[in-house]
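Okay, structure first, notes after.
The values are calculated or read from the model by the stated rules, or taken from the named source; none is laboratory data. Here the structure is a predicted model, which is why all the values come from computation and not from measurement. Neighbour counts are summed over all protein chains in view; Cβ atoms, including those assigned to glycine, are modelled from backbone coordinates with ideal geometry. SASA here: full protein model, heavy atoms, side chains in, ligands and nucleic acids out. Shrake-Rupley method; radii C 1.70, N 1.55, O 1.52, S 1.80 Å.
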Amino acid sequence: MSIRLFIKPYCPWCHRAEHWLKQHGIRYETLDVISDPEAYDEMIELSGQSLAPVIDVDGEILADFGPEELSKFWEELKVK
């Protein structure tokens, strides 16, 4: 399973997403869209927006979310 988390370093929602993933023992790759313009462009292409965080799990995208939405998204992924 490929999990990529697009973040902005100063974003509190991004810190919450990282905390949730770590708390659940989920390994992921972090892409800092502030320091990496290519990651920023990809985040916009995937999500249609410039807000972070955005998570890409094997092509399934969740954008601009908090822990509650991430938890629901993760449960829905398990059903597929």
*Using beta carbons and a limit of 8 Å, which pairs, at least six apart or on different chains, have the first residue in the range 18-40 and under 22 Å from E75 (Cβ atoms) and among the basic types (K, R) and the second one modelled with pLDDT of 95 or more and open to solvent by less than 70 Å² (accessible area, probe 1.4 Å)?*
R27/I3
*asked:* Consider the range 25-79. How many of its residues are in a strand (DSSP E or B) and farther than 14 Å from I7 by Cα?
replied: 2
*In the range 9-27, is there at least one residue being loosely packed, with under 14 Cβ neighbours inside 10 Å, charged (D, E, K, R) and over 9 Å from the mean Cα position of the chain (by Cα)?*
yes
*What are the residue pairs meeting all of these: first residue in the range 59-80, first residue surrounded by 14 or more Cβ atoms within 10 Å (Cβ to Cβ), second residue among the aromatic types (F, W, Y), Cβ atoms under 6 Å, and 6 or more apart or on different chains?*
L62/F73; P67/W20; L70/W20
*If you take the residues of the range 1-24 that are in a loop (DSSP other than H, G, I, E, B) and not charged (D, E, K, R), which of them is nearest to L62 (Cα to Cα)?*
S2
